[in-house]
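Notes to accompany the following structure.
Throughout, read-outs are computed from the coordinates displayed, never taken from laboratory work. Fair warning: this is a prediction, and the values are worked out from it, not measured in the lab. Note that each Cβ is placed from the backbone with ideal geometry, even for glycine, and that neighbours are counted across all protein chains shown.
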Amino acid sequence: MGKTLPVEYGAEAFIELLNANQVDYIFINPGSDTYPIQEAIAKFKVQGRRTPEVVLSLHETMAMAAAHGYFMVTGRPQVVLVHVDVGLQNVGGALHNAQRGHIGVILCAGRAPWLLEEPDQGERWEFMWLQERLDQASIVRDYVKWYYEVHSNRNIHRVMQRAFQLASSEPCGPVYVTLPLELLTEKIDGVLIPDVSKHSPLSTPQAEDKLVNQVADMLLHAQNPLIITGDSGRRPATIAPLVSLAEALGAPVVTSRYRVNFPSSNQMFAGNSPNPYLEDADVVVVIDCEVPYAPTQSKPKTNAKIVHIDVDPLKPTIPMWNFPADVLIQADSSKFIPALNQKVSEKMTPKQRARCQSRYEAFSSVHKKMKADWHRLAEKGAERKPISPDWLCYCINEALNDNTIVIIESVTNTPSVLRQIRREIPGTFYGNGGTSLGWGLGAALGAKLASPEKTIITIVADGCFIYGCPIPSLWAASTYKAPFLVVILNNKQYQFPKGIIQKAYGDESYSAKSGLWIGIDIEPSPNYTLISEACQAYGRRVEEPSEFPAAIRDALEVVRSGKPAVLDVIIEKEPEASYFSRG
Ligand SMILES: Cc1ncc(C[n+]2csc(CCOP(=O)(O)OP(=O)(O)O)c2C)c(N)n1
Ligand SMILES: [Mg+2]
């Protein structure tokens, strides 16, 4: 049974429903339709009643990225509140990121008033005719799990409860709710607060024992097993049994660039690309992956046995998802992996154990060589100017501790980040699950709000820094005392689209021969230091490789003292072993 709370207006009912669902933050960009909610929050604060805190988001992209960052750290959906159709349009690609990253968010927007008459409070302004759409939800429909417009305050509690339940049920994702002005300003007596425990997220599936047994047998008979993980580390309970399983089998584990799925110091850690191993593997276990490999780069041999484990293994939101699988299992990996680990250890014969042990030793040597090569790559770049990204990331790694969360949006320099930045502890490393650039700064803000005791570093490419709404993000970081460090990998260009031209047309292209790279150069590079200082952040440009270790130490000091900081590091344009030369 729920309970009724006294409230005077629909907007206050909305706030009480957020309270009931323990929403900590509303990331708001207001408009002519959100004022009843703003007024309700002011009233609650004056009256000493609980209300989510408000983060004024000076761009909607930042609002969504911050809610993304908050969810990825806590697993709890927050609210993004924007202005009618135009605000929703501005959320833009940040919603794509939330959808592809399985991030629970309650996205809300007002709409132009239904009525042409004056509302009870407020006014029907002239621009409201322009803001009404035939189908406002169509702006976001393809990116959300569910959408709805509240039709009556008599069931606003049901609508909001369903929104929370859907956003936080696996696979998690954003949902969208339209809040009509007439309802927010409507006088009401109270709001029914549902018993939240009766609307909890869906319990996740545990695969049948028969399937666990089948996969265990496949692995125990394998000559060359390979494990590929996507974002299984979002559930920290997967990590210890995955370590134990990989060690027992002597099976290499490839991890994605999104999460700590497997400790990088472990001897079975195989890096972040399946390409070097895929063609030799006879059994491939794919866990929680949207895209396990790119078939144009490498693919499993035709007689390899392939297992996919995912809570949503068919990926219905990806129109063509045609990865072959001998066994396609719908299961929560935090339940499946421990069961598989247990089964493998129960069934392993002494002969199999000996084979796994020798495989373990053989792969340990591969791991050691890989690490030594990576180290050499960093050392080789130590004196290079412009700064080598491998050496830069090596220095960042030296400055980290276990209390630091690293958030990356490093585009073509992601291989350097992944090679040099070692993360062992779950929840200390995140990447964007989607592809819309401009995520890193907002995500860092959300992560800092979610874990004020941690130090947050975001490593972003120069293009991403600009897309990432630096003024709104740094302003919010400073205003809401949520400081983080930004390291800009400034290659003064869009290296990725340049690489695409190079791959497509080769050295004989007009672009290559003339040096006319159209739509690529960000030169002169904007003065990111001045932008940072304009937002009460510390800013420093670093061009000398030898200066960077001291620069990051100083910048971290600044951040720990409560001020955001930005290091604009000028790096090589086309480094060795970049995204386009990956193995
Ligand atoms: C919102 C958005 N717009 C455009 C793109 C296409 N795009 C992919 S990579 C890239 C260039 C990124 O440049 P930068 O952030 O400097 O990284 P670099 O390629 O230099 O490593 C662009 C424009 C995108 N993914 N997202
Ligand atoms: Mg760039």
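Brief remarks follow.
- Net length gained if the chain between ASP282 and MET320 were fully extended (0.36 nm per residue, minus Cα distance): 11.2 nm
- Centroid-to-centroid separation of region 88-112 and region 232-295 [C-alpha atoms, Å]: 30 Å
- Just so you know, the averaged projected area of the alpha carbon convex hull for region 381-581 sits at 10.8 nm².
- Which listed pairs, of LYS335/LYS454; LYS448/LYS563; LYS503/LYS573; LYS335/LYS368; LYS371/LYS454; LYS454/LYS481, have C-alpha distances above 19 Å, in listed order: LYS335/LYS454; LYS335/LYS368; LYS371/LYS454
- Segments 477-485, 201-209, 236-244 sorted - mean Cβ within 10 Å per residue, highest first: 477-485, 236-244, 201-209
- Centroid-to-centroid separation of region 31-46 and region 556-574 [C-alpha atoms, Å]: 36 Å
- Relative packing of 340-346, 61-67, 98-104, 391-397, which averages over residues the other C-beta atoms within 10 Å, highest first: 61-67, 98-104, 391-397, 340-346
- Efficiency of FRET from Cβ geometry, LYS385 and LYS513, R₀ 30 Å, rounded to 0.05: 0.65
- Amide hydrogen proximity for GLN78: with H placed 1.01 Å from N in the peptide plane, the residues at 5 or more positions away or on another chain lying under 5 Å are ILE106.
- Reachable lysines, given that their alpha-carbon falls under 17 Å from the alpha-carbon of LYS43 and they are not under 8 places away in the same chain: LYS187
- Note on the chain: antiparallel DSSP beta bridges, both residues inside, total approximately 10 percent of the bridges counted.
- Divide the volume of the convex hull around the Cα atoms of the chain by the residue count and you get 164 Å³ per residue.
- Convex hull volume per residue for region 3-199, taking Cα atoms only, in Å³: 108 Å³
- Farthest toward positive dipole pole in the chain [+1 Lys/Arg, -1 Asp/Glu at C-beta], among ALA66, ILE318, PRO205: PRO205
- Under-5 Å amide H pairs with ARG541, H placed in peptide plane, nonlocal only: ASP568
- Peptides 407-416, 507-516, 534-543, ordered by how many other C-beta atoms sit within 10 Å of their residues on average, highest first, read 407-416, 534-543, 507-516.
- Span-like helix criteria (full DSSP H runs; alpha carbon extent of at least 30 Å along the helix axis; mean Kyte-Doolittle hydropathy of at least 1.0) are satisfied in the chain by no helix.
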